[in-house]
Each structure stands twice: as C-alpha cells, then as structure tokens.
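Trainee: To start, I am sharing the structure in question, which I have written as structure tokens.
FYI, it's all coordinate maths here, none of it is from the lab. Fair warning: this is a prediction, and the values are worked out from it, not measured in the lab. Here the Cβ positions follow ideal geometry from the backbone for every residue, glycine too, while neighbour counts run over all protein chains shown.
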Amino acid sequence: MRTALFRPVIALITLTVLAATAGCGAGAAPPSPVRFGDGPKTGAALHTGPKGRHSLVQWPTRPITFTEQSRVGGAGRNTPIGMTTLHGPKSGFTGKVWVWAPPEYYDRRNAGKGFPVMEALPGSYGYPVNYWIGSDLKLQENLAQWSQNGSSLPFIVVMPVLNPDNKQYYDGSDIPDQPKIGTWLSQDVPDLVRQNFRTLKTRDAWAIMGSSSGGFAALKNVLQNPGTFKVAIPNGPDIVPDSPLWNGHAREERENNPEVLARRLIARGGPPVYLAFQDGSQEHTVLPKVHTFIAQYGHGPVRTRLQIVPGGTHSAATYVRGLGEGTMRWVSAHMQGPTA
C-alpha cells in the first residue's frame, strides 16, 4: 500500500531536491559551511543565559559544521538547511541528516533559550533524500509563518533518511540482523540535535512526525520511547509492522507493534503521549485503520486527535495543509515552547 501510493510523489520530489542540491558545476558557488551551535550571529556567546541546575536549557555539547543545502524564507528571513552524514555511535548506522532552525532561534532576545524539536520522517523509502527539505512542500516556510502568527511553536526540525536503502522497508525499527534504524531514529538523531542546538531537558519539547511508512515510524517511536518523545504526528500511517524482514522474528516484531505498545502504555498508566493523526479525506484504505486504532487505544494516557484534510490524498502536500489547519496548534498546546 505505502509503496504504490507514495512512490510517484517521492520520485518527483527526490529528483527536484537532488537537482537543487547537486554538486557544483561550472561557475557554481561551492556549498557554504554552517554551524548552529555558536549562538545567534549577533555575537551572543554560546552559553549566554541561566546555567543553574533549575534551567531547562540543554546547551550544545559538540557543535559540528554542516554543509548548507539551501536557504528557506520565513518570517522575512532566510535561514539555512544544513546537512551532515551521521555515523550513529549507538546504532552503528551511517546516514544523511538535514537540520533547520526557525528564525526565532537566531533572535538575540532568545540567545539564552532552548527550543522544541520536531523530527520529520518522509514516506516510502525516504532514501537517499528526506523530501521534507524540498522547496515545493515549504515545510520550513510554513512553520516559520505559523510560529509568527501564533498557531505553532517555533520548532527546530531534524530530517534524517528513513531507510538505509531503497530496496526494503525497515519499519523504523531494530530488526534482527539488519541496520538498527530504530536506535538511529530514537537515539542517534536526537543526540545530534542536542549536540548542535539549544534544546530543552524535557520530553515536553520533543515531537516526531512522519508520513506513510514514516508515519508508522513516528507512531511506533512515541509509544515505544515516551521518555524521549511526547508527541507524534502520524500522517496517513501504517498501523502495524509489515516489513518482510520481520520473517522469523515474531517476538521482535511484536515489540515494535504500535497496538501492543499502546496497550502496554495504557496498562501502566503513562506517561501521557499525544498522537495527532492526519489523513486526507480520500485516503479510503488508511482512514478506517486510523479510526479503529483511535477507537481501541485513544484513551487514558494515549491522547489522540484526527485532522481530516478535505479532498486530501496520501501525499505530503496534503499533510502540510493539515498541519496549518489545526494540527500544529493542537500539538503546540501540549508542548514546551522556547524557555530559558
């Protein structure tokens, strides 16, 4: 299902992004280096602000230099999207990661504040490019506009590849004898953000979003790692694992099944998680499964909301619309904003 519905969109977006971020040709300027951990360009020091034990701010620990992929407009300012190849020390997996900070992050008035984070996962194979960096979807531009008008918190966005190749789905999980994609997404990628940005020492400031197969990974990760993520935005998600790589590993597959994880979270009484489902009204295959999951598991510590986008299809463009039509306002109401 997810392959058939998403592949044409991914192919088009991937080609667009690859063309835009290709290597330097004749007369082209080389990619610019960019660092996010050195504070605003106004000259504020890296560790400006309160540093007492009661501060929520998690200061950058090991800032690195990213390669600037593009600059995106938002709230009257162009801010960079940077890329690096991350060698995950906990997972052992190596893959590309793109990062972006909102205009507010560079404001001198916020130099001592930590910011909330959204990990954004693509659909289909999500390899070799994460399509949320694409200029056609304008995720960053929209987030900047929504934070300016008060309908969203200003999020740092981190966009890793979803799979290690475009041949198999790994369900955002640690499948035995395969690359540990679950550990990479839930530990190595968040650690990269903490090392390079002013973040917050609370799960209340961490969200994970994904579409289709990435929506499954987002749903599973917040239920599996509620100490890391408080909020998931599953867009047109698969509900249960379906990678053929689980064959012969039924016990491990069960440990990565959102239905099982939701039952356990409810049984132990939390911590509360917030699942902001999004679907297009024309997603006739996906919507019934989402409705069933919400009816069965959307109680107790599992708080749910469903944004149905009128006329929407199983596409990233539909989900961006939904974010602006209420999802980001609901998500932001349950998260910690920039704090000193």
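Trainee: Starting at the first residue of the stretch 129-142, write each ³J(HN,Hα) from the Karplus equation 6.51 cos²θ - 1.76 cosθ + 1.60 with θ = phi - 60°, in whole Hz, x for Gly and Pro.
Mentor: 10, 8, 5, 5, 8, x, 5, 6, 7, 6, 4, 5, 4, 5
Trainee: Starting from the Kirkwood radius over alpha-carbon pairs of the chain, derive D by Stokes-Einstein at 20 °C in a medium of 1.002 mPa s and give it in µm² s⁻¹.
Mentor: 107 µm²/s
Trainee: Taking θ = phi - 60°, what integer Hz values does the Karplus form 6.51 cos²θ - 1.76 cosθ + 1.60 yield along the stretch 281-292, in sequence order, with x for Gly and Pro?
Mentor: 3J(HN,Hα) across the stretch 281-292, in whole Hz: 5, 8, 7, 5, 7, 7, 3, x, 5, 5, 4, 5.
Trainee: In terms of Cα to Cα distance under 19 Å, which lysines are near enough to K113, apart from those fewer than 8 places away along the same chain?
Mentor: Leaving aside lysines fewer than 8 places away in the same chain, those within reach of K113 are K41, K51, K201.
Trainee: A further question follows. Using the C-alpha atoms of the stretch 232-332, what convex hull volume per residue, in cubic angstrom, is computed?
Mentor: Taking the convex hull of the Cα positions in the stretch 232-332, it is 103 Å³ per residue.
Trainee: Right, next: For a quick check: with amide H placed at 1.01 Å from N, whose amide H comes under 5 Å from I208's, ignoring anything fewer than 5 positions away on the same chain?
Mentor: E119, V231, A232, I233
Trainee: What FRET efficiency comes out for the pair Q145/R251, r = Cβ-Cβ distance, R0 = 56 Å, nearest 0.05?
Mentor: Between Q145 and R251 the formula returns 0.75.
Trainee: Going toward the positive end of the dipole of the chain, with +1 on Lys and Arg Cβ and -1 on Asp and Glu Cβ, which of F229, Q168, G112 do you reach last?
Mentor: The Cα lying farthest towards the positive end belongs to G112.
Trainee: Principal axis lengths of the stretch 157-211 from Cα atoms, whole Å, largest first?
Mentor: 36, 22, 19
Trainee: By DSSP, what percent of the beta bridges with both residues in the chain are antiparallel, rounded to the nearest 5?
Mentor: Just about 50 percent of them are antiparallel.
Trainee: Step through the residues of the stretch 95-111 one at a time and calculate ³J(HN,Hα) from phi using the Karplus curve (6.51 cos²θ - 1.76 cosθ + 1.60, θ = phi - 60°), rounding each to whole Hz and writing x for Gly and Pro.
Mentor: x, 7, 9, 10, 9, 8, 10, x, x, 4, 4, 8, 6, 4, 5, 9, 4
Trainee: Now for a different question. Among the aspartates and glutamates, which have Cα under 18 Å from the Cα of K220 when same-chain residues fewer than 8 positions away are ignored?
Mentor: E119, D171, D174, D188, D204, D238, D242, E252, E253, E255, E259, D279
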